[in-house]
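Q: Let me begin by handing over the structure; questions about it come next.
The values are calculated or read from the model by the stated rules, or taken from the named source; none is laboratory data. Quick caveat, the model's predicted, so the values are computed rather than measured. As a convention, Cβ positions derive from the backbone with ideal geometry for all residues, glycine included, and neighbour counts pool all protein chains shown. The protein model used for the area step is the full one, side chains on, heavy atoms only, and it has no ligands, DNA or RNA in it. Shrake-Rupley method; radii C 1.70, N 1.55, O 1.52, S 1.80 Å.
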Amino acid sequence: MKFASVKIRVLLGIIIPLLIMAGGVTGTAVWKMRATAIEDFTAKSEQELSLFGLYISQMLRTGQDTARALAADVAVRNGLGKFPNFVKNTQETPYRHADLSPEAGAIAARLLNMQQAQKHFAEVFIGYSDGSYATSFPDIAVPAGTDMSTRSWYRECAAASGDTTVSSVYQTLQKALAISLSTKVTGPDGGLVACSASTSR
C-alpha cells in the first residue's frame with residue numbers, strides 16, 4: 001500500500017509539471033496566434049480601406065469631370081426652354097427621350113451615353129433655371145409639380161462659391177437617397193442657366 005502511494009506521488013510529480021508546461025506552451029501559442037491574427041486583420045483592413053479610398057476618389061473625380069464637360073457644352077448652355085417643364089403639372093407625367101425635340105433629344109442621348117460609360121453612375125442630369133429637367137433616363141415618370149430649380153442639390157450648386165459642388169444627401173425623384181456632384185452652367189452673359197450633375201450607385 002505504501003509502495004503504491006509512493007508510486008502515485010512519483011507519477012504525480014512527473015505529470016503535474018508536464019501539465020503546467022503544456023499549459024504554458026498552449027497559452028503562449030494561443031497568444032501568438034491571436035497576435036498574428038490581429039496583425040493580419042489590421043494589414044488587410046488597411047489595404048481594403050486604401051482601395052476603397054481610391055475608388056471613392058476616382059468616383060468623385062469622374063462625376064466632377066462629367067458635370068464640367070456638360071457645363072462647357074454649348075448645346076447644354078443653350079438648352080434652357082427646350083426640355084419638359086413639370087412645374088405646373090398637377091399629376092405624374094411621363095418623360096420619354098422619344099418625345100423630345102431633336103435638339104433636346106441630342107442632349108438627352110449624350111447624358112445616356114455618359115451614364116452608360118461609367119458603371120457607377122445612377123443618373124446624369126441637368127436642372128435648368130426655369131425648373132425644366134434633362135435626364136439620362138430614357139423613360140421615367142416625373143412627380144407632379146417637379147421644379148428642378150428648387151431641389152436641394154440645385155440650390156446648393158447655385159449658392160456655392162465655386163463651380164463644382166458635392167451635395168448633401170437628398171431623395172431623388174425615384175425615392176432613392178443620393179448625393180450628386182454638380183457644376184454651374186452659365187450663359188453668354190455669365191448668368192446661371194442650369195446645374196449639370198451626376199449621382200452614383
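Q: Taking the range 98-114 as the region of interest, how many residues are within 21 Å of Pro143 (Cβ to Cβ) and buried (at least 18 other Cβ atoms within 10 Å of the Cβ)?
A: Total meeting the criteria: 4.
Q: Would you mention how many residues in the range 172-181 are among the aliphatic types (A, V, I, L, M), more than 14 Å from Ala67 (Cα to Cα) and surrounded by 14 or more Cβ atoms within 10 Å (Cβ to Cβ)? Walk me through it before giving the result.
A: Looking only at the range 172-181, we keep the residues that are among the aliphatic types (A, V, I, L, M), and these are 173, 176-179, 181.
Narrowing the set further to residues that are more than 14 Å from Ala67 (Cα to Cα) leaves 173, 176-178.
If we keep only those that are surrounded by 14 or more Cβ atoms within 10 Å (Cβ to Cβ) too, we end up with 173, 178.
So the answer is 2.
Q: Can you report the number of residues in the range 140-160 which are of a type outside the set (Phe, Trp, Tyr) and touching a helix residue (DSSP H, G or I) at 6+ places or on another chain (Cβ under 7 Å)?
A: So the answer is 1.
Q: Could you check the range 139-157 and list, in sequence order, the residues that are hydroxyl-bearing (Ser, Thr, Tyr) and touching a residue at least 24 places away in the same chain (Cβ under 8 Å)? So that I can check it myself, show each step before the final result.
A: Residues of the range 139-157 that are hydroxyl-bearing (Ser, Thr, Tyr), as a first pass: 146, 149-150, 152, 154.
Residues satisfying the conditions are Thr146, Tyr154.
Q: Just for strands (runs of 3 or more DSSP E) wholly inside the range 104-143: which have at least 2 residues that are under 29 Å from Gln58 (Cβ atoms)?
A: 121-128, 133-135
Q: Taking the options Ala158, Ala176, Ala197, name whichever one is among the small types (Gly, Ala, Ser) and modelled with pLDDT of 95 or more.
A: Ala158
Q: If you don't mind, there's one more thing I want to ask. Please state which of the following conditions Lys184 fails to meet, knowing it meets all the rest: (1) open to solvent by 10 Å² or more (accessible area, probe 1.4 Å); (2) in contact (Cβ under 8 Å) with a residue 60 or more places away in the chain; (3) more than 21 Å from Lys82 (Cβ to Cβ).
A: (3)
Q: Continuing with the same structure: Residues that are surrounded by 13 or more Cβ atoms within 10 Å (Cβ to Cβ) and modelled with pLDDT under 95: does the range 121-132 have at least one?
A: Looking for residues that are surrounded by 13 or more Cβ atoms within 10 Å (Cβ to Cβ) and modelled with pLDDT under 95, one finds at least one in the range 121-132, hence yes.
Q: Do we find that Gly105 is free of Cβ contacts under 8 Å to residues at least 24 places away in the same chain and under 22 Å from Leu173 (Cβ atoms) in this structure?
A: It is true that Gly105 is free of Cβ contacts under 8 Å to residues at least 24 places away in the same chain and under 22 Å from Leu173 (Cβ atoms).
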